[in-house]
Amino acid sequence: MKKSIIANLDLALEGKRKIDWVRRNMPILRQIESEYEIEKPFKGLKVLVCIHLEAKTAYLAKIFAAGGADVSVTGSNSQSTKDDVAAALASDGLHVYAKQGVSEEELFDNMNHALDIQPNIIIDDGGDIVEILHEKRYELLKNVFGACEETTTGVARAKERANNGTLKFPIMLINEAECKYIFDNYHGTGQSVWDGVMRTTNLVIAGKTVVIVGFGWCGKGIADRAKGLGANVIVCEIDPIKAIDASMHGCRVMPLADASALGDIFITVTGKKNVLGKNHFPLMKNGVILANAGHFNTEINLPALESMAIENKCLRENIVGYKLENGHWLNVLGGGNLVNIACGDGHPAEIMDTSFALQALSAEYLSKNFTKLKTDVYTIPKEIDQEVAHLRLTGMGVQIDN
């Protein structure tokens, strides 16, 4: 297998600075790292990490290496890969296959290179590695103990395989742990989405009408932060329970067709394809901002928008404007990719500290228990969720009743 495929090894020093900064602000992982350096729970094992490749992910990969694993790393989205961070990992001897801005074909080629390590444990984000193993790299299935899935989208794909009987190894559903969806999905997405929007547009949020499509934990976090920034919030939902929840959070709730003419900023966060499409674009105001906070870049129907536009051009870094026949410009952030990653640094380090602690401890659980687990999807054991919470409280200097 190729040792690494990265943009430029000379970028490693800056990448190391970024990794060191997040390490300073991730006390749970620091404690796990110190334990793994002594106990070596992954000695002799091979771990593949496929998550948005930025500094926090890099630190997680280094923790597996500290625990004795041979580690390969690739990015789950080329737009979110930080080339300096990839270089830093490669300089430390990990197998790294990731470059920023590569084509979808190259992205999947890099995933296949990462798979050449013949992994025992997979840390996945969106389920692409799991899909490749099931659809194309069957010869590697015999080596796999199991996978840990980070996202709502990946969990849905894993459950579908389990339900239709095609799943070939156990998958730990990280996204369904309380320490994941409360802190990462709600607090992390809520902050990082607006960080990405504001740094990219340099526009005020207060007084604008924000339309949020989808009111799961991520949508709820985005909505609550939008209100805190002074926005008027409209929520569009297909789930009646979530729609009621949005209303009780003080949001207006209405069909997307009605909201299309009212919004100044639209944020999709559904996990579905073509949520914003050709029926909505002509109704929108001139100058609207369109952003996606769902895992894949298919929630805004960009092919439809491109076909409808009479002109398009880059208006600012990470902003492409599309001019419609009615003269209105619709502005898409980050190419429709995850706005908090494509246009920002992703979730805060303290947030990913909890999520990646769940990943590390769940991977350790898999390594110790895979022979006892049936081929199915599994929620994270309560004791792991509780352990991460207690470690987080310790890092915050907070005590609670026994």
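The values are calculated or read from the model by the stated rules, or taken from the named source; none is laboratory data. On a predicted model such as this, the values are computed, not experimentally measured, just so you know. All Cβ positions, glycine included, derive from the backbone under ideal geometry; neighbour counts span all protein chains shown.
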Original post:
Only one of these conditions is not met by K159: (1) buried (at least 21 other Cβ atoms within 10 Å of the Cβ); (2) touching a strand residue (DSSP E or B) at 6+ places or on another chain (Cβ under 7 Å); (3) closer than 23 Å to G214 by Cα. Which number is it?
Top reply: (1)
Original post:
In segment 106-131, what residues are over 16 Å from V47 (Cβ atoms) and part of a helix (DSSP H, G or I)?
Top reply: E106, L107, F108, D109, N110, N112, D128, E131
Original post:
Somewhere in segment 34-54, is a residue of a type in the set (S, T, N, Q) and within 30 Å of I319 (Cβ to Cβ)?
Top reply: no
Original post:
Taking only pairs six or more apart or across chains, which ones have beta-carbon atoms under 6 Å, a first residue in segment 32-58 that is not assigned by TED's automatic domain parsing to the domain that holds E149, and a second residue that is surrounded by 20 or more Cβ atoms within 10 Å (Cβ to Cβ) and not in a loop (DSSP other than H, G, I, E, B)?
Top reply: none
Original post:
Counting only residues that are over 18 Å from the mean Cα position of the chain (by Cα) and over 17 Å from K16 (Cα atoms), which one in segment 69-96 is surrounded by the fewest Cβ atoms within 10 Å (Cβ to Cβ)?
Top reply: D70
Original post:
Is it fair to say D258 is within 24 Å of the chain's Cα centre (by Cα) and either surrounded by fewer than 24 Cβ atoms within 10 Å (Cβ to Cβ) or outside the structural domain of K278 (by TED's automatic domain parsing) (or both)?
Top reply: no
Subject >> Within segment 326-402, helices (runs of 4 or more DSSP H) holding 1 or more residues that are without any contact (Cβ under 8 Å) to a residue 24 or more places away in the chain >> reply: 349-369, 382-396
Original post:
Which condition number in (1) farther than 25 Å from D195 by Cβ; (2) out of contact with any Lys or Arg (no Cβ under 8 Å at 6 or more places or on another chain); (3) assigned to a loop (DSSP other than H, G, I, E, B); (4) not β-branched (V, I, T) is the one that P282 fails?
Top reply: (3)
Original post:
So, of the residues in segment 76-112 that are among the polar types (S, T, N, Q) and modelled with pLDDT of 95 or more, which turns out to be farthest from K56 (Cα to Cα)?
Top reply: N112
Original post:
How do the pairs read when you match residues in segment 192-208 that are at positive phi with residues anywhere that are loosely packed, with under 13 Cβ neighbours inside 10 Å and not aromatic (F, W, Y), using Cβ under 9 Å and keeping only pairs 6 or more apart or on different chains?
Top reply: N202/R316; G207/G230
Original post:
Of the residues in segment 244-278, how many are touching a strand residue (DSSP E or B) at 6+ places or on another chain (Cβ under 7 Å), of a type outside the set (S, T, N, Q) and either under 16 Å from G190 (Cα atoms) or not in a loop (DSSP other than H, G, I, E, B) (or both)?
Top reply: 11
**OP:** Pairs only if they're at least six apart or on different chains, beta carbon under 9 angstrom, first in segment 5-18 and within 19 Å of S72 (Cβ to Cβ), second at pLDDT below 95 and among the polar types (S, T, N, Q); list them, first residue then second.
**Re:** A7/T81; A7/Q100
**OP:** Kindly establish whether G165 is within 28 Å of G346 (Cα to Cα) and either in the same structural domain as Q100 (by TED's automatic domain parsing) or surrounded by fewer than 17 Cβ atoms within 10 Å (Cβ to Cβ) (or both).
**Re:** no
Original post:
Given the residues H280, H295, which is the only one that is buried (at least 22 other Cβ atoms within 10 Å of the Cβ) and at pLDDT 95 or above?
Top reply: H280
